[in-house]
Amino acid sequence: MSNSANKSFDKIILDWKLIQSELKLKLGIDVYESWVKKINLLEEFNNYILLTVPTRFIRDWITSRYLDQILQTIKKHKKQIIRIEFKVIETKDDNDKKSFDLKKFDDDKKISFIKDSHLQYSRIDPNKRFENFLIGFSNKIAFEASLKVSENISSYNPLYIYGGVGLGKTHLLNSIGHEMDKIKKVMFISAERFMYQFVKSIKSNDMVKFKDYFRNTDVLLIDDIQFMNGKEAMQEEFFHTFNALLDKGSQIVVSADRPPNKLSRIQERIKSRFSGGLVVDIQKPEYDLRRKIINHKINELINLYSDKLDITDEIQDFISDKISTNVRELVGAINRIVSFSRIYNKRPSLSETKIILKDLLNLTENNVTIDSIQTIVCKFFKISKNEMLSSRRSRYLVRPRQTAIYLTKILTTKSLPEIGREFSNRDHTTIIHSVKTIEKLKEKNPDMNENINKLKNIILYNKEG
Ligand code: ADP
Ligand code: MG
(Lines give C-alpha, C1' and ligand atoms only; values in the text may rest on other atoms or scores of the structure.)
(Ligands and ions follow the chains in the order given, each with its own letter.)
Protein backbone atom coordinates (compact mmCIF):
# COMPACT_ATOMS: atom_id res chain seq x y z
CA MET A 1 0.00 0.00 0.00
CA SER A 2 1.37 3.39 -0.88
CA ASN A 3 2.20 5.95 1.69
CA SER A 4 -0.38 8.44 0.62
CA ALA A 5 -3.14 5.86 0.79
CA ASN A 6 -2.14 5.19 4.36
CA LYS A 7 -2.27 8.80 5.18
CA SER A 8 -5.71 9.42 3.82
CA PHE A 9 -6.90 6.39 5.71
CA ASP A 10 -5.65 7.87 8.97
CA LYS A 11 -7.17 11.19 8.40
CA ILE A 12 -10.89 10.77 8.36
CA ILE A 13 -12.34 14.20 8.04
CA LEU A 14 -15.17 14.66 10.50
CA ASP A 15 -18.34 16.14 9.14
CA TRP A 16 -18.96 18.70 11.87
CA LYS A 17 -22.33 19.80 10.53
CA LEU A 18 -23.51 16.22 10.66
CA ILE A 19 -22.27 15.81 14.20
CA GLN A 20 -24.04 19.00 15.18
CA SER A 21 -27.28 17.81 13.69
CA GLU A 22 -26.99 14.52 15.53
CA LEU A 23 -26.44 16.47 18.71
CA LYS A 24 -29.50 18.53 17.91
CA LEU A 25 -31.54 15.34 17.87
CA LYS A 26 -29.91 14.04 20.99
CA LEU A 27 -29.97 17.16 23.14
CA GLY A 28 -32.97 18.99 21.76
CA ILE A 29 -33.41 22.15 19.80
CA ASP A 30 -32.93 24.52 22.72
CA VAL A 31 -29.60 23.13 23.77
CA TYR A 32 -28.61 23.12 20.15
CA GLU A 33 -29.58 26.72 19.57
CA SER A 34 -28.05 27.99 22.77
CA TRP A 35 -24.81 26.05 22.76
CA VAL A 36 -24.06 23.40 20.17
CA LYS A 37 -24.59 25.72 17.24
CA LYS A 38 -21.89 28.00 18.56
CA ILE A 39 -19.20 25.34 18.49
CA ASN A 40 -16.92 25.00 15.48
CA LEU A 41 -14.38 22.40 14.55
CA LEU A 42 -10.94 23.95 14.26
CA GLU A 43 -8.61 21.04 13.83
CA GLU A 44 -8.60 17.30 13.87
CA PHE A 45 -5.72 15.33 15.34
CA ASN A 46 -5.09 11.62 15.65
CA ASN A 47 -6.83 11.10 18.93
CA TYR A 48 -8.27 14.44 19.85
CA ILE A 49 -9.96 17.37 18.24
CA LEU A 50 -9.83 21.07 18.77
CA LEU A 51 -13.12 22.93 18.90
CA THR A 52 -13.72 26.65 19.11
CA VAL A 53 -16.33 28.52 21.09
CA PRO A 54 -17.01 32.25 21.22
CA THR A 55 -16.76 32.77 25.00
CA ARG A 56 -15.31 31.19 28.08
CA PHE A 57 -18.73 31.03 29.61
CA ILE A 58 -19.99 28.91 26.75
CA ARG A 59 -16.93 26.71 26.98
CA ASP A 60 -17.43 26.11 30.70
CA TRP A 61 -21.09 25.51 30.27
CA ILE A 62 -20.57 22.96 27.52
CA THR A 63 -17.75 21.23 29.31
CA SER A 64 -19.71 20.84 32.49
CA ARG A 65 -22.85 19.53 30.84
CA TYR A 66 -22.54 18.18 27.35
CA LEU A 67 -18.97 17.08 26.92
CA ASP A 68 -19.71 13.38 27.33
CA GLN A 69 -22.48 13.41 24.81
CA ILE A 70 -20.43 15.39 22.33
CA LEU A 71 -17.54 13.00 22.68
CA GLN A 72 -19.80 9.99 22.30
CA THR A 73 -21.27 11.39 19.13
CA ILE A 74 -17.86 12.14 17.69
CA LYS A 75 -16.64 8.66 18.57
CA LYS A 76 -19.41 7.21 16.46
CA HIS A 77 -17.68 8.77 13.47
CA LYS A 78 -14.11 8.38 14.58
CA LYS A 79 -13.34 5.87 17.28
CA GLN A 80 -9.82 7.09 17.98
CA ILE A 81 -10.92 10.40 19.40
CA ILE A 82 -10.57 10.23 23.14
CA ARG A 83 -10.46 13.86 24.09
CA ILE A 84 -11.83 17.24 23.14
CA GLU A 85 -10.06 20.53 23.56
CA PHE A 86 -11.55 23.95 23.36
CA LYS A 87 -10.17 27.20 22.18
CA VAL A 88 -12.00 30.42 22.90
CA ILE A 89 -12.11 32.61 19.85
CA GLU A 90 -14.17 35.67 20.48
CA THR A 91 -16.34 36.62 17.58
CA LYS A 92 -18.24 39.84 17.42
CA ASP A 93 -21.67 39.09 18.81
CA ASP A 94 -24.03 38.75 15.90
CA ASN A 95 -26.82 40.01 18.08
CA ASP A 96 -25.64 43.50 17.26
CA LYS A 97 -26.75 42.91 13.75
CA LYS A 98 -30.06 41.48 14.79
CA SER A 99 -30.93 44.40 17.01
CA PHE A 100 -30.21 46.73 14.16
CA ASP A 101 -32.46 44.83 11.80
CA LEU A 102 -35.12 44.69 14.40
CA LYS A 103 -35.31 48.38 15.11
CA LYS A 104 -37.91 49.05 12.52
CA PHE A 105 -40.19 46.35 13.85
CA ASP A 106 -39.79 47.34 17.40
CA ASP A 107 -42.56 49.89 17.57
CA ASP A 108 -45.08 47.20 16.82
CA LYS A 109 -43.91 44.97 19.56
CA LYS A 110 -45.80 45.04 22.78
CA ILE A 111 -42.56 45.03 24.70
CA SER A 112 -39.52 46.92 23.61
CA PHE A 113 -37.14 47.19 26.50
CA ILE A 114 -34.32 45.38 24.90
CA LYS A 115 -34.07 45.86 21.22
CA ASP A 116 -33.62 42.30 20.18
CA SER A 117 -35.26 40.71 23.14
CA HIS A 118 -38.29 39.40 21.41
CA LEU A 119 -36.18 37.38 19.08
CA GLN A 120 -33.97 36.10 21.81
CA TYR A 121 -36.58 35.17 24.32
CA SER A 122 -39.83 34.40 22.67
CA ARG A 123 -39.61 31.72 20.11
CA ILE A 124 -43.14 30.59 19.67
CA ASP A 125 -43.37 27.99 16.96
CA PRO A 126 -46.55 28.62 14.97
CA ASN A 127 -46.67 24.96 13.94
CA LYS A 128 -47.25 23.76 17.46
CA ARG A 129 -50.82 24.55 18.31
CA PHE A 130 -53.68 23.03 20.25
CA GLU A 131 -55.37 22.07 17.00
CA ASN A 132 -52.60 19.72 15.99
CA PHE A 133 -52.00 18.25 19.40
CA LEU A 134 -53.60 14.83 19.43
CA ILE A 135 -55.15 13.71 22.63
CA GLY A 136 -55.12 10.35 24.33
CA PHE A 137 -55.37 8.88 27.73
CA SER A 138 -51.72 9.68 28.48
CA ASN A 139 -51.79 13.41 27.81
CA LYS A 140 -55.41 14.42 28.24
CA ILE A 141 -55.07 16.04 31.63
CA ALA A 142 -52.08 18.11 30.62
CA PHE A 143 -53.86 19.13 27.45
CA GLU A 144 -57.02 20.21 29.21
CA ALA A 145 -55.20 22.14 31.89
CA SER A 146 -53.22 23.96 29.20
CA LEU A 147 -56.33 24.77 27.25
CA LYS A 148 -58.06 26.18 30.32
CA VAL A 149 -55.06 28.28 31.15
CA SER A 150 -55.00 29.67 27.63
CA GLU A 151 -58.67 30.52 27.82
CA ASN A 152 -57.92 32.36 31.02
CA ILE A 153 -60.65 30.54 32.87
CA SER A 154 -58.53 28.64 35.31
CA SER A 155 -56.90 29.57 38.51
CA TYR A 156 -54.11 27.10 37.85
CA ASN A 157 -51.18 29.28 38.63
CA PRO A 158 -48.51 28.26 38.13
CA LEU A 159 -49.30 25.36 35.87
CA TYR A 160 -46.51 22.82 36.03
CA ILE A 161 -46.34 20.20 33.27
CA TYR A 162 -43.87 17.37 33.49
CA GLY A 163 -43.01 14.25 31.54
CA GLY A 164 -40.22 12.48 29.69
CA VAL A 165 -38.50 13.75 26.61
CA GLY A 166 -40.48 14.06 23.39
CA LEU A 167 -43.89 13.70 24.96
CA GLY A 168 -45.29 17.09 23.98
CA LYS A 169 -44.42 19.52 26.78
CA THR A 170 -42.91 22.11 24.51
CA HIS A 171 -45.77 21.64 22.10
CA LEU A 172 -48.25 22.46 24.85
CA LEU A 173 -46.31 25.48 26.08
CA ASN A 174 -46.17 26.71 22.53
CA SER A 175 -49.88 26.22 22.09
CA ILE A 176 -50.60 28.26 25.18
CA GLY A 177 -48.23 30.96 23.98
CA HIS A 178 -49.75 30.97 20.54
CA GLU A 179 -53.27 31.42 21.89
CA MET A 180 -52.48 34.02 24.51
CA ASP A 181 -50.15 36.01 22.32
CA LYS A 182 -53.22 37.30 20.55
CA ILE A 183 -54.25 39.43 23.50
CA LYS A 184 -51.44 39.44 26.02
CA LYS A 185 -47.78 39.99 26.46
CA VAL A 186 -46.33 36.53 26.30
CA MET A 187 -42.83 35.42 26.99
CA PHE A 188 -41.69 31.95 26.09
CA ILE A 189 -38.19 30.95 27.11
CA SER A 190 -36.26 27.84 27.93
CA ALA A 191 -34.58 27.73 31.30
CA GLU A 192 -31.23 27.43 29.57
CA ARG A 193 -31.79 30.58 27.65
CA PHE A 194 -33.03 32.32 30.77
CA MET A 195 -29.75 31.55 32.47
CA TYR A 196 -27.74 32.50 29.47
CA GLN A 197 -29.47 35.86 29.21
CA PHE A 198 -29.18 36.36 32.91
CA VAL A 199 -25.43 35.95 32.87
CA LYS A 200 -25.12 38.00 29.74
CA SER A 201 -27.05 40.90 31.20
CA ILE A 202 -24.93 40.90 34.32
CA LYS A 203 -21.84 41.14 32.18
CA SER A 204 -23.18 43.95 30.10
CA ASN A 205 -24.70 45.78 33.05
CA ASP A 206 -28.18 45.33 31.68
CA MET A 207 -29.67 43.75 34.73
CA VAL A 208 -32.31 46.41 35.13
CA LYS A 209 -33.58 45.88 31.63
CA PHE A 210 -33.53 42.16 32.13
CA LYS A 211 -35.64 42.44 35.25
CA ASP A 212 -38.06 44.88 33.71
CA TYR A 213 -38.42 42.75 30.69
CA PHE A 214 -39.39 39.69 32.63
CA ARG A 215 -41.56 41.45 35.13
CA ASN A 216 -43.56 43.12 32.44
CA THR A 217 -45.00 40.05 30.93
CA ASP A 218 -48.58 38.80 31.37
CA VAL A 219 -47.76 35.24 30.57
CA LEU A 220 -44.43 33.62 31.32
CA LEU A 221 -43.78 30.20 29.80
CA ILE A 222 -40.59 28.50 30.92
CA ASP A 223 -39.53 25.33 29.20
CA ASP A 224 -37.32 22.61 30.71
CA ILE A 225 -36.91 24.11 34.14
CA GLN A 226 -34.81 21.10 35.20
CA PHE A 227 -31.89 22.81 33.50
CA MET A 228 -32.14 25.75 35.81
CA ASN A 229 -29.69 24.65 38.39
CA GLY A 230 -27.57 27.73 38.42
CA LYS A 231 -26.03 30.03 40.89
CA GLU A 232 -27.72 31.37 43.98
CA ALA A 233 -27.95 34.87 42.56
CA MET A 234 -29.85 33.63 39.59
CA GLN A 235 -32.25 31.55 41.61
CA GLU A 236 -32.76 34.56 43.82
CA GLU A 237 -33.66 36.66 40.83
CA PHE A 238 -35.85 33.95 39.45
CA PHE A 239 -37.70 33.57 42.72
CA HIS A 240 -38.40 37.29 42.93
CA THR A 241 -39.50 37.51 39.34
CA PHE A 242 -41.76 34.58 39.92
CA ASN A 243 -43.38 36.16 42.96
CA ALA A 244 -43.71 39.55 41.36
CA LEU A 245 -45.51 38.00 38.43
CA LEU A 246 -47.85 35.96 40.56
CA ASP A 247 -48.62 39.02 42.64
CA LYS A 248 -49.70 41.01 39.68
CA GLY A 249 -51.81 38.14 38.39
CA SER A 250 -49.63 37.05 35.50
CA GLN A 251 -49.95 33.48 34.37
CA ILE A 252 -46.93 31.22 34.74
CA VAL A 253 -46.50 27.87 33.05
CA VAL A 254 -43.48 25.69 33.64
CA SER A 255 -42.40 22.44 32.02
CA ALA A 256 -39.89 19.92 33.29
CA ASP A 257 -38.84 16.33 32.85
CA ARG A 258 -39.70 15.47 36.45
CA PRO A 259 -42.05 16.53 39.25
CA PRO A 260 -41.13 19.60 41.33
CA ASN A 261 -39.91 17.66 44.35
CA LYS A 262 -37.45 15.72 42.19
CA LEU A 263 -35.73 18.78 40.79
CA SER A 264 -32.15 18.80 41.92
CA ARG A 265 -30.21 21.93 42.70
CA ILE A 266 -33.25 24.16 42.76
CA GLN A 267 -34.07 25.98 45.94
CA GLU A 268 -36.75 24.46 48.13
CA ARG A 269 -38.83 27.60 48.16
CA ILE A 270 -38.94 27.64 44.37
CA LYS A 271 -39.98 24.01 44.26
CA SER A 272 -42.67 24.66 46.77
CA ARG A 273 -43.91 27.55 44.64
CA PHE A 274 -44.12 25.18 41.70
CA SER A 275 -46.12 22.69 43.70
CA GLY A 276 -48.47 25.41 44.82
CA GLY A 277 -50.37 25.58 41.56
CA LEU A 278 -51.53 22.70 39.44
CA VAL A 279 -49.04 19.93 38.69
CA VAL A 280 -49.91 17.62 35.79
CA ASP A 281 -47.93 14.97 33.99
CA ILE A 282 -47.73 13.57 30.49
CA GLN A 283 -47.18 9.84 30.26
CA LYS A 284 -45.69 7.85 27.44
CA PRO A 285 -48.19 7.62 24.62
CA GLU A 286 -50.39 4.53 24.72
CA TYR A 287 -50.83 2.37 21.63
CA ASP A 288 -54.03 4.05 20.46
CA LEU A 289 -52.55 7.50 20.68
CA ARG A 290 -49.44 6.36 18.83
CA ARG A 291 -51.62 4.92 16.09
CA LYS A 292 -53.61 8.14 15.94
CA ILE A 293 -50.50 10.29 15.69
CA ILE A 294 -49.05 8.14 12.91
CA ASN A 295 -52.22 8.31 10.93
CA HIS A 296 -52.56 12.03 11.41
CA LYS A 297 -48.97 12.67 10.48
CA ILE A 298 -49.21 10.62 7.31
CA ASN A 299 -52.32 12.51 6.25
CA GLU A 300 -50.60 15.77 6.98
CA LEU A 301 -47.71 14.76 4.72
CA ILE A 302 -50.06 13.60 2.00
CA ASN A 303 -51.67 17.02 2.05
CA LEU A 304 -48.34 18.75 2.13
CA TYR A 305 -46.89 16.93 -0.84
CA SER A 306 -50.21 16.21 -2.49
CA ASP A 307 -48.76 12.79 -3.10
CA LYS A 308 -50.45 9.51 -2.99
CA LEU A 309 -48.38 8.07 -0.22
CA ASP A 310 -49.11 4.53 0.55
CA ILE A 311 -48.07 3.46 4.01
CA THR A 312 -49.95 0.26 4.68
CA ASP A 313 -51.90 -0.47 7.83
CA GLU A 314 -49.49 -3.25 8.54
CA ILE A 315 -46.62 -0.78 8.68
CA GLN A 316 -48.58 1.74 10.69
CA ASP A 317 -49.40 -0.99 13.19
CA PHE A 318 -45.82 -2.10 13.27
CA ILE A 319 -44.50 1.39 14.01
CA SER A 320 -47.17 2.02 16.63
CA ASP A 321 -46.24 -1.21 18.25
CA LYS A 322 -42.46 -0.88 18.20
CA ILE A 323 -41.84 2.80 18.76
CA SER A 324 -43.38 3.48 22.07
CA THR A 325 -40.91 5.64 23.95
CA ASN A 326 -42.01 9.03 22.77
CA VAL A 327 -43.82 11.07 20.19
CA ARG A 328 -40.71 12.71 18.82
CA GLU A 329 -39.29 9.36 17.79
CA LEU A 330 -42.60 8.36 16.35
CA VAL A 331 -42.76 11.46 14.20
CA GLY A 332 -39.14 10.92 13.17
CA ALA A 333 -39.91 7.35 12.14
CA ILE A 334 -42.82 8.42 9.96
CA ASN A 335 -40.75 11.09 8.30
CA ARG A 336 -38.14 8.54 7.39
CA ILE A 337 -40.63 6.09 5.97
CA VAL A 338 -42.35 8.81 4.01
CA SER A 339 -39.06 10.12 2.60
CA PHE A 340 -38.14 6.62 1.57
CA SER A 341 -41.42 6.16 -0.19
CA ARG A 342 -41.05 9.49 -2.00
CA ILE A 343 -37.44 9.03 -2.99
CA TYR A 344 -37.91 5.53 -4.38
CA ASN A 345 -41.44 6.18 -5.41
CA LYS A 346 -42.69 2.95 -3.97
CA ARG A 347 -44.65 1.58 -1.10
CA PRO A 348 -42.18 0.40 1.57
CA SER A 349 -42.48 -3.21 2.63
CA LEU A 350 -42.34 -4.32 6.21
CA SER A 351 -38.79 -5.59 5.89
CA GLU A 352 -37.70 -2.32 4.31
CA THR A 353 -39.36 -0.51 7.17
CA LYS A 354 -37.35 -2.56 9.61
CA ILE A 355 -34.16 -1.60 7.87
CA ILE A 356 -35.03 2.08 7.65
CA LEU A 357 -35.87 2.22 11.32
CA LYS A 358 -33.17 -0.13 12.48
CA ASP A 359 -31.48 2.19 14.93
CA LEU A 360 -34.77 3.25 16.48
CA LEU A 361 -35.95 -0.31 16.88
CA ASN A 362 -32.70 -1.36 18.46
CA LEU A 363 -32.99 1.01 21.34
CA THR A 364 -33.04 -1.19 24.38
CA GLU A 365 -35.49 1.06 26.11
CA ASN A 366 -38.05 0.30 23.46
CA ASN A 367 -38.05 -3.34 24.28
CA VAL A 368 -38.54 -2.93 27.98
CA THR A 369 -42.26 -3.32 28.31
CA ILE A 370 -44.29 -4.50 31.27
CA ASP A 371 -45.10 -7.55 29.24
CA SER A 372 -41.47 -8.42 28.60
CA ILE A 373 -40.63 -7.92 32.25
CA GLN A 374 -43.45 -10.21 33.31
CA THR A 375 -42.44 -12.88 30.81
CA ILE A 376 -38.80 -12.82 31.84
CA VAL A 377 -39.51 -12.83 35.56
CA CYS A 378 -41.98 -15.72 35.19
CA LYS A 379 -39.48 -17.76 33.25
CA PHE A 380 -36.77 -17.00 35.77
CA PHE A 381 -38.86 -18.17 38.73
CA LYS A 382 -40.52 -20.95 36.75
CA ILE A 383 -44.09 -19.89 37.29
CA SER A 384 -46.76 -19.17 34.69
CA LYS A 385 -47.98 -15.74 33.78
CA ASN A 386 -51.48 -16.66 34.93
CA GLU A 387 -50.08 -17.49 38.31
CA MET A 388 -48.19 -14.24 38.47
CA LEU A 389 -51.25 -12.21 37.59
CA SER A 390 -53.60 -14.22 39.80
CA SER A 391 -54.63 -13.04 43.24
CA ARG A 392 -53.16 -16.10 44.93
CA ARG A 393 -50.84 -15.30 47.79
CA SER A 394 -48.67 -18.39 48.01
CA ARG A 395 -45.18 -17.43 48.89
CA TYR A 396 -43.72 -18.91 45.73
CA LEU A 397 -45.89 -16.49 43.73
CA VAL A 398 -45.72 -13.41 45.91
CA ARG A 399 -41.97 -12.81 45.61
CA PRO A 400 -41.81 -13.15 41.83
CA ARG A 401 -44.84 -10.90 41.50
CA GLN A 402 -43.28 -8.26 43.74
CA THR A 403 -40.02 -8.60 41.85
CA ALA A 404 -41.74 -8.01 38.53
CA ILE A 405 -43.54 -4.99 39.95
CA TYR A 406 -40.31 -3.62 41.37
CA LEU A 407 -38.48 -4.09 38.07
CA THR A 408 -41.28 -2.40 36.17
CA LYS A 409 -41.05 0.56 38.48
CA ILE A 410 -37.32 0.99 38.06
CA LEU A 411 -36.96 0.06 34.39
CA THR A 412 -39.91 1.84 32.86
CA THR A 413 -41.42 5.26 33.35
CA LYS A 414 -44.87 3.86 34.05
CA SER A 415 -46.80 5.47 36.87
CA LEU A 416 -47.94 3.50 39.89
CA PRO A 417 -51.58 3.32 38.78
CA GLU A 418 -50.49 2.19 35.32
CA ILE A 419 -48.36 -0.58 36.80
CA GLY A 420 -51.27 -1.54 39.01
CA ARG A 421 -53.50 -1.90 35.99
CA GLU A 422 -51.04 -4.17 34.23
CA PHE A 423 -50.86 -6.40 37.25
CA SER A 424 -54.52 -7.39 37.24
CA ASN A 425 -55.80 -4.05 38.47
CA ARG A 426 -53.95 -4.01 41.71
CA ASP A 427 -54.23 -0.89 43.78
CA HIS A 428 -51.32 1.57 43.64
CA THR A 429 -50.71 1.09 47.35
CA THR A 430 -50.01 -2.58 46.64
CA ILE A 431 -47.51 -1.47 44.04
CA ILE A 432 -45.75 0.82 46.51
CA HIS A 433 -45.71 -1.95 49.07
CA SER A 434 -44.13 -4.39 46.60
CA VAL A 435 -41.46 -1.93 45.59
CA LYS A 436 -40.56 -1.19 49.20
CA THR A 437 -40.50 -4.86 50.14
CA ILE A 438 -38.08 -5.72 47.38
CA GLU A 439 -35.91 -2.72 48.17
CA LYS A 440 -35.61 -3.91 51.76
CA LEU A 441 -34.99 -7.51 50.83
CA LYS A 442 -32.31 -6.48 48.39
CA GLU A 443 -30.43 -4.74 51.14
CA LYS A 444 -30.62 -7.61 53.58
CA ASN A 445 -30.34 -10.53 51.28
CA PRO A 446 -27.42 -10.91 48.86
CA ASP A 447 -29.19 -13.67 46.91
CA MET A 448 -32.10 -11.42 46.26
CA ASN A 449 -29.79 -8.68 45.14
CA GLU A 450 -28.04 -11.01 42.77
CA ASN A 451 -31.30 -12.25 41.30
CA ILE A 452 -32.47 -8.72 40.69
CA ASN A 453 -29.24 -7.89 38.93
CA LYS A 454 -29.46 -10.99 36.78
CA LEU A 455 -33.00 -10.14 35.83
CA LYS A 456 -32.09 -6.57 35.04
CA ASN A 457 -29.38 -7.79 32.73
CA ILE A 458 -31.69 -10.14 30.93
CA ILE A 459 -34.37 -7.51 30.57
CA LEU A 460 -32.09 -4.75 29.39
CA TYR A 461 -29.49 -6.61 27.40
CA ASN A 462 -30.85 -10.08 26.81
CA LYS A 463 -27.84 -11.30 28.68
CA GLU A 464 -27.65 -13.95 31.32
CA GLY A 465 -25.27 -13.24 34.18
P1 ADP B 1 -41.02 17.60 24.83
O2 ADP B 1 -40.97 19.08 24.95
O3 ADP B 1 -41.91 16.97 25.86
O4 ADP B 1 -39.67 16.95 24.80
P5 ADP B 1 -42.14 18.17 22.23
O6 ADP B 1 -43.26 19.05 22.62
O7 ADP B 1 -40.95 18.83 21.65
O8 ADP B 1 -41.71 17.23 23.44
O9 ADP B 1 -42.71 17.06 21.23
C10 ADP B 1 -41.87 16.31 20.36
C11 ADP B 1 -42.50 16.24 18.99
O12 ADP B 1 -43.69 15.46 19.02
C13 ADP B 1 -42.91 17.59 18.44
O14 ADP B 1 -42.72 17.58 17.07
C15 ADP B 1 -44.37 17.68 18.78
O16 ADP B 1 -45.06 18.53 17.89
C17 ADP B 1 -44.81 16.24 18.63
N18 ADP B 1 -45.90 15.88 19.55
C19 ADP B 1 -45.80 15.59 20.86
N20 ADP B 1 -46.98 15.26 21.39
C21 ADP B 1 -47.88 15.37 20.39
C22 ADP B 1 -49.28 15.15 20.30
N23 ADP B 1 -50.01 14.75 21.36
N24 ADP B 1 -49.86 15.34 19.09
C25 ADP B 1 -49.14 15.72 18.03
N26 ADP B 1 -47.82 15.94 18.04
C27 ADP B 1 -47.18 15.76 19.20
MG1 MG C 1 -39.25 20.24 25.09
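Given N46, W61, Q226, which one lies farthest toward the positive end of the charge dipole of the chain, if we put +1 on the Cβ of every Lys and Arg and -1 on the Cβ of every Asp and Glu?
N46
Spelling out what I want: for every residue of the stretch 65-82, take phi, set θ = phi - 60°, compute 6.51 cos²θ - 1.76 cosθ + 1.60 (Karplus), and round to whole Hz; glycine and proline get x.
Coupling constants for the stretch 65-82: 10, 10, 4, 4, 5, 5, 4, 4, 5, 5, 4, 4, 9, 8, 4, 5, 5, 10 Hz.
Taking Cα pairs under 8 Å and at least six residues apart, what relative contact order does the stretch 187-312 come out at, in percent?
Relative contact order, the stretch 187-312: 22 percent.
Please list 250-259, 386-395 highest first by mean number of surrounding beta-carbon atoms within 10 Å per residue. Write down the numbers at each step before the final one.
Details: 250-259: 21.8, 386-395: 12.2.
Final packing ranking: 250-259, 386-395.
Given a 1.4 Å probe and every protein chain left where it sits, what share in percent of the accessible area of the chain is carbon and sulfur?
Values: 12640 of 24830 Å².
It is 51 percent, rounded to a whole number.
Mean separation of Cα pairs under 8 Å and 6+ residues apart, divided by the residue count of the stretch 354-435: what relative contact order is that in percent?
Result for the stretch 354-435 is 26 percent.
For the stretch 148-270, with only Lys/Arg (+1) and Asp/Glu (-1) charged at the beta-carbon, what is the dipole magnitude about the Cα centre, in debye rounded to 20?
For this selection, approximately 100 debye.
Can you run the Rg to Rh ratio on the chain? Use alpha carbon positions and the Kirkwood inverse-distance Rh.
Radius of gyration relative to Kirkwood radius: 0.99.
Please compute the modelled spin-label separation between H428 and N132, points set 7 Å along Cα→Cβ, answer in nm with one decimal.
3.4
Among L172, I383, A191, flag the residue with its Cα farthest along the positive direction of the charge dipole of the chain, charges on Cβ as +1 for Lys/Arg and -1 for Asp/Glu.
Value computed over the given set: I383.
Below 8 Å between Cα atoms, with a sequence gap of 6+, how large is the relative contact order for the chain in percent?
Computed value for the chain: 11 percent relative contact order.
At K148 and F239, where each label point lies 7 Å from the Cα along Cα→Cβ, what is the point-to-point distance in nanometres?
Roughly 2.9 nm, to one decimal.
Using unit Cβ charges (K, R positive; D, E negative) and no other charged atoms, how large, in debye to the nearest 20, is the dipole of the stretch 261-369 about its Cα centre?
With Lys and Arg at +1 and Asp and Glu at -1, about 500 debye.
Which FRET efficiency value, to the nearest 0.05, do you get for N205 and N40 by plugging their Cβ-Cβ distance into 1/(1 + (r/R0)^6) with R0 = 30 Å?
Computed FRET efficiency for N205 and N40 comes out at 0.55.
Which entries in the list K203/K262; K128/K203; K209/K231; K78/K284; K322/K442; K409/K454 go over 23 Å, if you measure between the two C-alpha atoms of each?
The pairs that break the limit, which is 23 Å between Cα atoms, are K203/K262; K128/K203; K78/K284; K322/K442.
Take every DSSP beta bridge whose two residues both sit in the chain, then give the antiparallel share in percent to the nearest 5.
Counting only bridges with both partners in the chain, antiparallel ones make up about 15 percent.
Counting other Cβ atoms within 10 Å of each Cβ, which trypsin sites (Lys or Arg not before Pro) in the stretch 305-385 have at most 12 and sit in a DSSP loop?
K308, K346, K382
DSSP loop (so not H, G, I, E, B), at most 10 other Cβ within 10 Å: list which chymotrypsin sites (Phe, Trp or Tyr not before Pro) in the stretch 284-380 pass both filters.
Those satisfying the criteria are Y344.
How much accessible area per residue does the chain have, counting only protein heavy atoms and a probe of 1.4 Å, in square angstrom?
Numbers: 24830 Å² over 465 residues.
That works out to 53 Å² for each residue.
Label point 7 Å out from N47 along Cα-to-Cβ: which residues of the stretch 67-85 have amide N under 16 Å?
75, 78-85
From the residues Y213, N449, F239, which one has its Cα farthest along the dipole of the chain in the positive direction, the dipole being from +1 and -1 charges on Cβ of Lys/Arg and Asp/Glu about the Cα centre?
N449
Sequence-distant or interchain residues sharing an amide H contact under 5 Å with R258, placed H: which?
G163
Can you tell me the length gained on complete extension of the stretch K24 to R421, counting 0.36 nm per residue apart and subtracting the Cα distance?
Details: separation 397, 0.36 × 397 = 142.92 nm, distance 3.63 nm.
Additional length available on full extension: 139.3 nm.
Highest mean first, how do 135-147, 199-211, 291-303 rank when packing is the count of other Cβ atoms within 10 Å averaged over residues?
Those peptides, ordered most packed to least, come out 135-147, 291-303, 199-211.
Quick one: putting +1 on the C-beta of Lys and Arg, -1 on the C-beta of Asp and Glu, what dipole do you get for the chain around its Cα centre, in Debye to the nearest 20?
Here the chain has a charge dipole of around 1040 debye.
Find, among the chymotrypsin sites (Phe, Trp or Tyr not before Pro) in the stretch 37-75, those assigned to loop by DSSP (not H, G, I, E, B) with at most 16 other beta-carbon atoms within 10 angstrom.
Answer in residue order: F45.
The values are calculated or read from the model by the stated rules, or taken from the named source; none is laboratory data. Keep in mind it's a predicted model, so treat the numbers as computed, not measured. Glycine gets a Cβ as well: all are built from the backbone with ideal geometry, and neighbour counts include every protein chain shown. Side chains are part of the model used for accessible areas, which takes the heavy atoms of the whole protein and leaves out ligands, DNA and RNA. Shrake-Rupley method; radii C 1.70, N 1.55, O 1.52, S 1.80 Å.
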